[in-house]
Amino acid sequence: MTATLRQAARKSAGAALSTALGACLLTVGAVATAPAAEAATTCGGTASIYGVLPDGRLTFSTITPATGALKKVRVGADLGFEPRAMATLDFNTVLVTSTTGALYRLDVLTNNESLVLERPPVKIFDSGWTHDKLTYDGHGHLYGTAGGVLLRYLVSQPKPTGSAHIGQRKEIGSGFVLKTLTAAGDDRLLATTSAGALYSYKINADGTWDRDDLKPSGWSGFDQVVSPGGGLYYGRIETTGAMYWYKDADPADGSGTDIAYHNDIPVNTGGWTQRLLSAQPGTFSCTTTADPLDGHDIPAVKAAGRDLMNRYDGGAWNSTAQWNCLEQLWDRESGWRYWADNPSSTAYGIPQALPGSKMDAFGDDWRTNPVTQIKWGLSYIDGRYGTPCGAWTHFLNNNWY
């Protein structure tokens with residue numbers, strides 16, 4: 001086995017954005033009438049996923065939400081025990097059970113250029129953790145299944161050391177014979193069955209629960225399903241190692257009819273060989289506001305764009321040089337008009353996504369909300385070119401990006 005996971009060839013459907021205004025394809029008519037903006041739901045963030053390879057080595061991967069593109073893969077050392085289930089607490093803390101029923105804490109020192117543990121795995125409990133699945137909701141609750149029983153624990157410290165920090169064990173119910181289990185939000189779980197059904201569970205404070213049947217079938221091929229939040233779901237097919245991604249416009253509405261399938265542009269068509277996968281919770285989120293940004297006020301849209309760019313990836317792009325590149329790029333593409341519509345290619349919006357519907361990953365208001373479009377565009381640039389100046393340089397050389 002190689003030290004890194006191979007990235008399979010991606011399909012051409014997501015290869016590039018159109019040249020839009022830069023190629024003088026947008027007409028005055030195409031940008032003259034803007035659809036009315038209403039309540040705005042915008043999403044943002046990234047997807048960070050830990051895993052364990054069959055040979056026991058820890059992995060860390062990041063995925064660009066805008067396109068599903070695999071951005072980074074890092075492989076660390078062998079854990080030194082045979083893992084059975086895992087849950088990610090935060091960016092540098094992972095819980096893993098062993099086949100002998102022990103519970104370990106992994107403390108990650110770095111996962112940027114390399115994946116390094118701060119210390120060997122710390123054994124928190126010697127026995128009793130016979131869970132076949134484990135997941136953390138990002139809001140203090142650790143969930144697991146053992147023998148079809150769903151259990152909930154309270155995690156009171158970011159670096160739990162024992163029963164004082166992982167306690168209040170509560171049996172939620174029996175009959176949870178599930179193929180996959182992941183947390184999709186605060187006390188909200190997503191699960192699949194061997195028959196291919198997709199379920200959403202809402203666990204109430206008193207331990208009662210409600211189930212919504214999102215899909216009756218079609219999900220049986222996945223042996224791992226994980227979510228970084230915000231209705232973003234990733235599913236791995238064990239037989240091929242392919243990874244696919246999906247976006248639920250409203251993960252709390254109890255319906256699966258608004259789940260967008262992106263099977264034409266998978267994360268990878270192979271290479272995901274981990275025996276376990278666990279997403280860091282809450283790294284992708286959505287917010288709704290009743291007073292969206294006035295998209296007709298182009299200076300205000302640009303100001304919002306610069307603020308979002310400055311804060312992107314922890315401020316990595318916060319510079320005048322990067323802003324100059326981004327401003328010129330989208331000046332050429334769309335004039336920063338959220339309704340810019342290329343009549344010949346279906347490219348749409350400020351970043352000229354092709355097709356515009358790709359932006360649904362960042363909000364179902366992608367047609368009318370400039371913030372949704374900007375967030376998608378920044379994520380696209382990050383995944384394909386690394387920086388706004390990288391995208392602008394490519395545009396100058398090729399008249400598209």
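The values are calculated or read from the model by the stated rules, or taken from the named source; none is laboratory data. What you see is a predicted model; the values in this text were computed from it and never measured. Please note: Cβ atoms are built from the backbone with ideal geometry, for glycine as well, and neighbour counts cover all protein chains shown.
The set of residues from the range 367-377 being surrounded by fewer than 24 Cβ atoms within 10 Å (Cβ to Cβ) and either modelled with pLDDT under 90 or not hydroxyl-bearing (S, T, Y) (or both) comprises just one member, R367.
Can you tell which of S200, S194 is surrounded by 13 or more Cβ atoms within 10 Å (Cβ to Cβ) and either free of Cβ contacts under 8 Å to residues at least 12 places away in the same chain or under 23 Å from S255 (Cα atoms) (or both)? Answer to the check: S200. Only one residue in G295, G335, G282, G315 is over 23 Å from T41 (Cβ atoms) and touching a residue at least 40 places away in the same chain (Cβ under 8 Å), so which one is that? Within the list G295, G335, G282, G315, the selection yields G335. Counting the residues of the range 338-348 that are at pLDDT 90 or above and farther than 13 Å from T42 by Cβ gives 5. For the range 271-293, the condition holds for at least one residue, the condition being that it is among the aromatic types (F, W, Y) and part of a loop (DSSP other than H, G, I, E, B). Within the set P351, P281, the sole residue that is in contact with a strand residue (DSSP E or B) (Cβ under 8 Å, 6 or more places away or on another chain) and at pLDDT 95 or above turns out to be P281. Mind listing whichever residues of the range 73-101 are surrounded by 14 or more Cβ atoms within 10 Å (Cβ to Cβ) and among the polar types (S, T, N, Q)? Matches in the range 73-101: T88, N92, T93, T97, S98.
Please enumerate the residues belonging to the range 107-126 that are surrounded by 15 or more Cβ atoms within 10 Å (Cβ to Cβ) and either small (G, A, S) or part of a loop (DSSP other than H, G, I, E, B) (or both). Listed by number, the residues that qualify are N111, L115, P121. Give me the residue from the range 219-251 that is in a strand (DSSP E or B) and among the hydroxyl-bearing types (S, T, Y) and, out of that set, farthest from L190 (Cα to Cα). Per the stated criteria, the residue is Y244. Checked against (1) under 30 Å from L396 (Cα atoms); (2) at pLDDT 65 or above, K11 passes all but a single condition, namely (2). Checking each residue in the range 244-269 for being more than 27 Å from D365 (Cβ to Cβ) and either of a type outside the set (S, T, N, Q) or crowded, with 20+ Cβ neighbours inside 10 Å (or both) picks out only N268.
Is it fair to say Y104 is outside any loop (DSSP other than H, G, I, E, B), in contact with a Lys or Arg (Cβ under 6 Å, 6 or more places away or on another chain) and surrounded by 21 or more Cβ atoms within 10 Å (Cβ to Cβ)? Taking the combined requirement at face value, the residue satisfies it. Of the residues making up the range 284-318, those that are of a type in the set (V, I, T) and in contact with a Phe, Trp or Tyr (Cβ under 8 Å, 6 or more places away or on another chain) are I298, V301.
Filter the range 147-169 down to residues that are outside any loop (DSSP other than H, G, I, E, B) and under 22 Å from T93 (Cβ atoms), then give me how many there are. Adding up the residues that qualify gives 9. Figure legend. Inter-residue proximity from the range 203-215: first residues under 14 Å from G185 (Cα atoms) and assigned by TED's automatic domain parsing to the domain that holds H141, second residues part of a strand (DSSP E or B) and of a type in the set (A, V, I, L, M, F, W, C), beta-carbon distance below 7 Å, spacing 6+ or different chains. Indicated pairs: I203/I172; I203/L189; I203/W209.
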